[in-house]
Every structure is written in structure tokens, then in C-alpha cells.
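Enquirer: Could you have a look at this structure, given as C-alpha cells, before my questions?
The values are calculated or read from the model by the stated rules, or taken from the named source; none is laboratory data. It should be emphasised that the depicted structure is a prediction, and the values quoted were computed from it without experimental measurement. Counting neighbours? That spans all protein chains shown, and the Cβs are built from the backbone with ideal geometry, glycine included.
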Amino acid sequence: MLGFTKSDWKFLGIIWVIVVVLTFLPVVFGYLTTPPDKVFLFRPNDNGGDFTVYYSYIEQVREGHFLFKNFFTSEAQPIPVFNPFWLSAGMFAKIFNLSAPFAIQILRFLFILPFLIITYYLLSFFLEDKFKRRICFIILTFASGLGGIFSFNSQNQHKFMDLFVPEAFTFLTLYTEPHFILSLVLFICTIFLSIKAISSYKLKYSLLAGLFSLILFSFHPYHVYSVFLILFSFGVVEYFIKAKLNFNYIKHFIIVLLFSLPSILYQLWTIFTIPAVYQHLLQNITLTPSLYVVIISYGFLIPLAIIGLVLIIKNKERKELELMVVVWFVCQFFLLYLPVKTQIRLSEGLQFPIAILATYGIFYLKDILVKNKNLFDLVRYQKTAFYMFLIYLFFILFFVSSATILYTDVLLYSVKYKLFYISKSEYESINWLKNTPKNSIILSSYFNGNVIPAFALRQVFVGHSHETANFSIKEKETENFFKKYDSEQRFTFLKDNNIDYLFFGLEEKSGTDFDPNQDSFLQKVYQNENVSIYKVI
């Protein structure tokens with residue numbers, strides 16, 4: 001299969017086991033150490049707030065819906081949204097009777113092996129030497145930057161990309177969300193097929209790249225910029241090198257565009273037709289940090305990649321495939337500062353050309369070091385010690401940030417940090433909200449507002465920094481409701497915002513002397529040891 005030898009499959013199996021153990025160890029620990037009075041939410045520290053959005057999608061499908069509603073904002077949504085990935089994930093959960101958290105973890109597990117097989121196979125086109133290919137594959141799968149070294153300062157923990165941007169680094173992609181894994185492999189395959197279309201055009205390359213783009217943009221439209229600007233750059237470079245137009249590649253570009261156009265047009269339609277989607281676009285600001293932060297985030301990968309880039313540029317006998325890797329790297333690196341609000345999302349897939357170029361750089365440096373007789377003798381007579389040193393060196397140079405993330409999650413799980421656990425009484429009260437009318441709007445704290453839609457499928461006033469329309473205003477109004485407003489102001493606020501129920505738990509009680517029982521317009525309809533729910537009358 002795919003021209004793999006038995007040793008290739010053995011190598012892939014070892015890498016797969018290592019990836020699965022490392023990426024599932026924290027979440028398994030968090031689940032197994034859940035106290036009897038708590039419920040584990042199965043989400044990591046990075047992008048943890050987004051997981052409840054995904055849970056709400058899956059639960060909607062489990063309840064029989066095929067189009068999606070945003071339950072994290074209180075505005076009316078007469079037009080639901082189509083998302084084929086989360087529809088498929090929801091159908092998977094429904095068929096196998098899985099809860100949303102378990103479904104996401106199982107999908108992530110199922111996606112890892114195909115991802116590793118596909119990327120290893122694609123690397124064989126760029127690196128024919130098996131040893132170099134395996135080194136490159138290890139770099140692609142595990143390597144990140146140096147942000148972890150600076151993470152001991154709490155101010156830096158959300159500054160460096162290798163600590164908070166899962167889609168920028170393969171290992172973090174495999175550690176977090178399944179749709180990131182699918183998005184990454186679709187993106188890489190689209191770019192790869194476009195490179196193949198330049199050197200030896202076949203219609204199937206265009207058709208497959210168009211199909212992959214259609215699927216990719218249907219659930220991750222951020223990458224429209226990346227795909228078409230990189231493809232355009234390939235064509236421009238090809239023209240300047242050969243001083244003539246490659247009409248086959250122009251045909252390829254047009255086919256990819258036409259195939260993906262339905263997804264692009266649908267995404268644009270939702271933005272201009274559905275206010276909740278438009279508000280999400282306005283608030284989804286994820287800008288790339290300063291250049292020095294990006295360089296630290298990629299660490300030694302950048303200088304190694306630059307060495308590889310120079311080697312390819314200087315080599316007059318270079319292959320067209322190698323040159324296009326250089327173009328891919330340079331183009332996508334500059335795309336990190338494209339004047340759009342979602343710059344940092346454009347980092348997805350950049351590690352693929354970086355890994356290839358860095359491998360060139362590593363073996364260039366290796367050839368220089370091997371000329372050192374003392375080092376050669378050390379490798380010859382102390383192989384085990386030398387290889388152990390290389391593993392240690394790889395960990396320090398390339399894996400410290402990923403290790404920091406894993407350690408942080410285990411540490412936070414061990415102390416039962418509130419982002420990852422809710423009490424059973426809170427969970428039971430959230431599920432009770434299913435007894436309310438389906439169009440009910442719930443007011444709660446921001447934290448509980450982030451969890452309620454995931455399990456109760458009821459709209460909240462505030463629950464997510466991107467999904468909640470006018471989030472900053474609503475967050476401030478919610479704080480004022482619980483801590484500053486008098487009874488008359490609270491009544492006006494509830495009526496003006498069409499709020500039907502008040503969720504009053506430990507989070508809502510914190511730092512306030514507000515007692516809902518004192519307001520005549522609030523009727524208690526549910527109570528347990530920690531939570532009371534009031535109907536607005």
C-alpha cells in the first residue's frame with residue numbers, strides 16, 4: 001500500500017503509539033481523577049472555551065437537527081447554518097450513542113493514524129532518502145519552538161504561538177480538535193497537488209485539489225487566503241523562471257477555484273445574511289504577534305529552514321519540487337501578516353515546508369560536523385550514548401513548548417481547575433434547563449454561559465468571546481446586573497434583552513450581595529445545593 005515497506009509501517013506504528021500516548025495522557029488523567037462530585041469537561045487549556053461550541057454542534061445533531069444554531073448569543077436566528085464537518089461528527093455520535101465530549105476524543109483518535117500515513121507518504125515526494133524522510137517526519141510531527149522556555153513568566157503564556165496556536169504546530173493540532181487535523185491534511189494535500197500540477201500536469205490533480213478545497217472551505221474558510229495566494233505565487237514564480245505562461249497550471253487554478261466556489265459563496269452569504277455570523281466575523285480577531293515573537297515561537301526551525309532555503313536557491317540542479325517548497329514557505333510566512341483579522345489562522349500548514357527545509361539544514365550541518373574526527377570517533381564507539389544525547393537535544397531544542405502544554409494541562413487537571421470541571425449539581429441544573437421552552441434565553445455568568453449551550457442547547461446572553469454578539473458590551477452588562485444594578489434596573493435589563501431564565505450558581509453568587517429571592521419578578525423554578533434557577537415573570 002502506497003509503496004510502504006514493512007520498516008515504514010513499523011516506523012509509522014512507533015510514531016503513532018508515541019503520539020497517541022502523549023496526546024491522550026493528560027485527558028485520560030483528567031478523566032480518571034475526576035472527583036465523585038464533579039463532571040470532567042474533556043477540554044484542554046488551549047482553545048478550551050471553543051470545545052463547548054463543538055459540543056453544542058454535536059448535541060444539536062443528536063437531537064435531530066441538520067443545520068446549526070449559535071446558542072452562545074441571545075439574538076434571534078431565523079436562518080440556521082450548514083457545517084458538513086460538525087454534521088458528520090454529530091451523526092457519528094448519534095449512531096454510536098456517544099456524548100459530545102467522548103465523540104470528539106474518539107474522532108481525534110481515529111484521525112491521527114490516517115494523518116500520519118498521508119503526511120509521511122507526501123514527504124516521500126520531497127525526500128527520496130528514507131532516513132532523511134523519517135527525520136523530517138519526526139520534525140513535522142513533534143517539533144515546535146522556544147516559547148515554553150519563557151512560559152515560567154505568566155505574562156508570556158499566551159504570547160508565543162507554540163503555546164496557544166494549536167493549528168500552527170502539528171503536535172498541538174493532533175492534541176486538540178479533530179477538525180484541525182482534517183483541515184490541516186486537506187490544506188497540505190491541496191498545496192501538494194498544486195505543486196504536482198506545475199511539474200507534471202494531470203487533470204486528476206486539479207479535480208482532487210478542487211474537491212479538497214471545497215470540503216476545507218465548507219468548515220474552515222480562513223484558508224481561502226492561504227490556498228489561493230500560495231497557488232498564485234506558484235504560478236508567478238513559474239512564469240518568471242520559464243518566461244512563459246503555464247496554461248495547464250492556469251487551468252488547474254481555475255478548476256480549483258470553480259470547485260471551491262460553492263463553499264466560498266455560501267460562507268459569504270452567511271456573513272451578509274445572518275447577523276450572528278457577521279458579529280462572529282467582527283469579533284474573531286486573531287492577529288499574528290510581533291516578528292520576534294513568531295521567530296521565538298518557531299525556535300530553531302526557522303534558522304534551519306533558512307539554511308535549507310539557501311541551499312536550494314544556490315543549487316543550479318535543484319528540482320522544481322524543491323523550489324516550490326521554498327515558494328510555499330516564503331509566501332505563507334508573509335501571509336502571517338496579511339491585513340486581515342484572522343492572520344494567525346493562516347499559520348496552519350506552514351510547518352510542512354518548514355520541516356522539509358529544516359531537514360535540508362540539519363543534514364548540511366551534519367555533513368560539516370562529521371568532518372570532525374573526534375566527533376566521528378564518538379559516534380562510532382559510543383553510539384548508544386550519542387543517540388541518547390540526540391534525543392535529549394531534540395527535546396530541549398524542539399519539544400519543550402509542547403511538553404510545557406502537556407504538563408500545564410496535567411497540573412491544572414490535578415488541582416481540578418474550574419475551566420475543566422463543574423460540580424455535579426451544576427451539571428444537573430444545566431441539564432434541567434432542557435425542560436424550559438426551546439427558544440428560552442438564559443442569563444448567567446460568563447463561565448456558566450460557556451457551558452450551558454453545550455448540554456442544555458439553550459441560548460445564553462453571554463457565553464463566548466467570539467460567538468456572543470457584542471460580547472464586550474454584554475459582558476459588562478452582565479457584571480453590572482449581578483454587582484451594581486438595583487431591582488428596577490435588573491427588571492428593565494431582563495425585559496429589554498428578552499431574558500427568560502436566570503441561572504444563579506456559585507459563579508453568579510461570587511462577589512455580590514444580590515439575592516434573587518428579593519425580586520418579585522423572579523420566580524424560583526429549580527433548586528439544588530448549589531444552584532437556583534429563576535423564571536422571569
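Enquirer: Using the structure shown, decide if PHE493 is in contact with a Phe, Trp or Tyr (Cβ under 8 Å, 6 or more places away or on another chain) and either under 25 Å from ASN435 (Cβ atoms) or at pLDDT 95 or above (or both).
Expert: Yes, satisfied.
Enquirer: In the list LEU214, LEU245, which residue meets the criterion of being under 21 Å from PHE85 (Cβ atoms), surrounded by fewer than 22 Cβ atoms within 10 Å (Cβ to Cβ) and more than 18 Å from the chain's Cα centre (by Cα)?
Expert: The conditions single out LEU214.
Enquirer: Within the range 23-54, which residues are under 17 Å from the mean Cα position of the chain (by Cα), closer than 26 Å to LEU116 by Cα and not hydrophobic (A, V, I, L, M, F, W, C)?
Expert: THR23, ARG43, PRO44, ASN45, ASP46, ASN47, GLY48, ASP50, TYR54
Enquirer: Same structure again: Output the residues belonging to the range 133-165 that are aromatic (Phe, Trp, Tyr), assigned to a helix (DSSP H, G or I) and either over 18 Å from THR23 (Cα atoms) or modelled with pLDDT under 95 (or both).
Expert: PHE150, PHE164
Enquirer: Continuing with the same structure: So for the range 67-75 (the condition being in a helix (DSSP H, G or I) and either modelled with pLDDT of 95 or more or among the acidic types (Asp, Glu) (or both)), does at least one residue qualify?
Expert: Within the range 67-75, none of the residues are in a helix (DSSP H, G or I) and either modelled with pLDDT of 95 or more or among the acidic types (Asp, Glu) (or both).
Enquirer: Let me ask something else. Residues to consider are PHE131, PHE126, PHE160, PHE109; find the one that is more than 21 Å from LEU390 (Cα to Cα) and surrounded by fewer than 21 Cβ atoms within 10 Å (Cβ to Cβ).
Expert: Being more than 21 Å from LEU390 (Cα to Cα) and surrounded by fewer than 21 Cβ atoms within 10 Å (Cβ to Cβ) holds for just one of PHE131, PHE126, PHE160, PHE109, which is PHE109.
Enquirer: Further question on the same structure: Do any residues in the range 317-341 that are of a type in the set (Lys, Arg) have Cβ atoms under 7 Å from those of residues that are not in a loop (DSSP other than H, G, I, E, B), where the two are at least six apart or on different chains, and which pairs are they?
Expert: Close Cβ pairs satisfying both conditions: ARG318/ILE312.
Enquirer: Would the range 240-250 turn up any residue that is part of a helix (DSSP H, G or I) and either among the polar types (S, T, N, Q) or closer than 30 Å to ALA469 by Cβ (or both)?
Expert: There is at least one residue in the range 240-250 that is part of a helix (DSSP H, G or I) and either among the polar types (S, T, N, Q) or closer than 30 Å to ALA469 by Cβ (or both).
Enquirer: All but one of (1) modelled with pLDDT of 95 or more; (2) more than 34 Å from the chain's Cα centre (by Cα); (3) farther than 26 Å from GLN283 by Cα; (4) not acidic (Asp, Glu) hold for ASN435; state the number of the condition that does not hold.
Expert: (2)
Enquirer: Within the range 468-520, restricting attention to residues that are crowded, with 16+ Cβ neighbours inside 10 Å and of a type in the set (Val, Ile, Thr), which residue is farthest from ILE274 (Cα to Cα)?
Expert: THR478
Enquirer: Which numbered condition trips up HIS223, out of (1) buried (at least 22 other Cβ atoms within 10 Å of the Cβ); (2) of a type outside the set (Lys, Arg); (3) touching a His at 6+ places or on another chain (Cβ under 9 Å)?
Expert: With respect to (1) buried (at least 22 other Cβ atoms within 10 Å of the Cβ); (2) of a type outside the set (Lys, Arg); (3) touching a His at 6+ places or on another chain (Cβ under 9 Å), HIS223 is out only on (3).
Enquirer: Determine whether the range 261-269 contains at least one residue that is under 30 Å from ILE149 (Cα atoms), of a type in the set (A, V, I, L, M, F, W, C) and touching a residue at least 12 places away in the same chain (Cβ under 8 Å).
Expert: There is no residue in the range 261-269 that is under 30 Å from ILE149 (Cα atoms), of a type in the set (A, V, I, L, M, F, W, C) and touching a residue at least 12 places away in the same chain (Cβ under 8 Å).
Enquirer: Here is a follow-up. Being among the small types (Gly, Ala, Ser), farther than 15 Å from ASP50 by Cα and not in a loop (DSSP other than H, G, I, E, B) is the filter here, so list the residues in the range 411-467 that pass it.
Expert: Within the range 411-467, SER414, SER423, SER425, SER429, ALA456 meet the criteria.
Enquirer: Here's another thing I want to ask about it. Say we look at the range 48-76 and pick out the residues that are in contact with a Pro (Cβ under 8 Å, 6 or more places away or on another chain) and within 16 Å of THR273 (Cα to Cα); which of these is surrounded by the fewest Cβ atoms within 10 Å (Cβ to Cβ)?
Expert: Across the range 48-76, the extreme among qualifying residues is LEU67.
Enquirer: Identify, by number, the condition in (1) in contact with a Pro (Cβ under 8 Å, 6 or more places away or on another chain); (2) farther than 29 Å from PHE395 by Cα that PRO84 doesn't meet.
Expert: (1) is the only condition that PRO84 fails.
Enquirer: Considering the range 197-209 alone, what residues qualify as being surrounded by fewer than 21 Cβ atoms within 10 Å (Cβ to Cβ) and either farther than 14 Å from ILE255 by Cα or within 23 Å of the chain's Cα centre (by Cα) (or both)?
Expert: Within the range 197-209, SER199, SER200 meet the criteria.
Enquirer: Got a sec? Which helices (runs of 4 or more DSSP H) wholly within the range 258-359 have at least 3 residues that are under 21 Å from the mean Cα position of the chain (by Cα)?
Expert: Helices (runs of 4 or more DSSP H) meeting the threshold: 275-283, 291-298, 320-335.
Enquirer: What do you reckon, is THR408 within 30 Å of ILE138 (Cα to Cα) and β-branched (Val, Ile, Thr)?
Expert: The answer is yes for THR408.
Enquirer: Please find, among ARG62, ARG108, the residue that is in contact (Cβ under 8 Å) with a residue 60 or more places away in the chain and more than 25 Å from LYS474 (Cβ to Cβ).
Expert: Residue meeting the stated conditions: ARG108.
Enquirer: Pick from the range 521-537 the residues that are free of Cβ contacts under 8 Å to residues at least 60 places away in the same chain and β-branched (Val, Ile, Thr): which of them is surrounded by the fewest Cβ atoms within 10 Å (Cβ to Cβ)?
Expert: ILE537
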